[in-house]
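What follows draws every value from the coordinates through simple rules; no lab data is involved. Given the structure is predicted, the values throughout are model-derived calculations rather than measurements. Heads up, the Cβs are rebuilt from the backbone with ideal geometry, glycines too, and the neighbour counts pull from every protein chain shown.
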Amino acid sequence: DTGVSQDPRHKITKRGQNVTFRCDPISEHNRLYWYRQTLGQGPEFLTYFQNEAQLEKSRLLSDRFSAERPKGSFSTLEIQRTEQGDSAMYLCASSLNNALNTEAFFGQGTRLTVV
Amino acid sequence: GESVGLHLPTLSVQEGDNSIINCAYSNSASDYFIWYKQESGKGPQFIIDIRSNMDKRQGQRVTVLLNKTVKHLSLQIAATQPGDSAVYFCAEAGSWGKFQFGAGTQVVVTP
């Protein structure tokens with residue numbers, strides 16, 4: 001396992017279409033995060049999982065966004081009825097958390113362009 | 001609300017010189033801090049971390065300093081190289097689990 005893997009790397013979609021992204025974390029990591037990043041900004045928190053449980057979801061995340069991590073391994077992020085404002089880099093990260101926070105390792109991201 | 005921010009949006013440094021990137025955080029409950037480096041089109045790459053029970057931590061060519069009194073974090077890069085050109089982010093975390101990022105500092109290394 002060489003790190004966090006995200007698929008696809010790039011996605012162009014028409015407004016109104018649904019898209020789904022996949023993230024495969026580092027295998028022994030129990031925590032998985034989704035972030036969104038726009039040009040010139042820092043990553044913005046969307047949601048995170050501890051094993052299969054979704055522990056927090058950002059208030060910025062509309063009902064069109066849903067994330068799952070059904071078996072506590074890979075995760076998917078779905079955006080329904082995409083809008084141009086959804087265009088961004090979607091980053092996944094994972095970490096091994098026990099009693100203390102540890103470093104989160106990021107994937108290369110999925111760049112979404114909504115046209 | 002609580003936030004993490006950076007003082008300088010762009011830092012230009014001559015090759016071979018030392019770089020210092022600063023970060024201010026406002027959440028006093030944060031107990032874990034990370035510096036990330038991000039190159040264009042790539043995900044953030046972990047550089048170094050520090051916990052709130054420490055003031056200083058050193059890595060290879062990098063040093064992170066934490067001043068809890070003034071809620072300030074800095075990253076020092078020794079002998080800056082062209083490959084250090086990137087955007088640098090600080091991130092904070094606490095018992096709530098998620099990482100919160102600042103806006104980033106663009107470091108430009110000039111020959």
Report summary line: How many residues of region A:1-36 are among the polar types (S, T, N, Q), over 12 Å from A:GLN108 (Cα atoms) and under 11 Å from the mean Cα position of the chain (by Cα)? The answer is 1
Query raised in the report: What do you reckon, is A:ARG36 surrounded by 15 or more Cβ atoms within 10 Å (Cβ to Cβ) and closer than 20 Å to B:PHE89 by Cβ?
Result: yes
Report task. May I ask you to list the residues in region B:10-62 that are in a strand (DSSP E or B), of a type in the set (Ser, Thr, Tyr), more than 10 Å from chain A (Cβ to nearest Cβ) and in contact with a Gly (Cβ under 9 Å, 6 or more places away or on another chain)? Result -> B:TYR25
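Kindly check whether there is at least one residue in region A:31-51 that is within 14 Å of chain B (Cβ to nearest Cβ), β-branched (Val, Ile, Thr) and outside any loop (DSSP other than H, G, I, E, B). If you could, list the steps in order and put the result at the bottom.
Step one: filter region A:31-51 for residues within 14 Å of chain B (Cβ to nearest Cβ), giving A:31-51.
From what is left, the residues that are β-branched (Val, Ile, Thr) are A:38, A:47.
Subset that is outside any loop (DSSP other than H, G, I, E, B): A:47.
Among the residues of region A:31-51, at least one is within 14 Å of chain B (Cβ to nearest Cβ), β-branched (Val, Ile, Thr) and outside any loop (DSSP other than H, G, I, E, B), which makes the answer yes.
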Query raised in the report: Given the structure, is A:LEU91 among the hydrophobic types (A, V, I, L, M, F, W, C), out of contact with any Lys or Arg (no Cβ under 6 Å at 6 or more places or on another chain) and over 20 Å from B:ILE34 (Cα atoms)?
Result: no
Report task. Out of the residues in region B:79-111 that are within 14 Å of chain A (Cβ to nearest Cβ), among the aliphatic types (A, V, I, L, M) and crowded, with 18+ Cβ neighbours inside 10 Å, state the one that is nearest to A:PHE49 (Cα to Cα). Result -> B:ALA93
Query raised in the report: Of the numbered conditions (1) away from chain B (no Cβ under 13 Å); (2) in contact (Cβ under 8 Å) with a residue 24 or more places away in the chain; (3) buried (at least 18 other Cβ atoms within 10 Å of the Cβ), A:PHE65 satisfies every one except a single condition; which is it?
Result: (2)
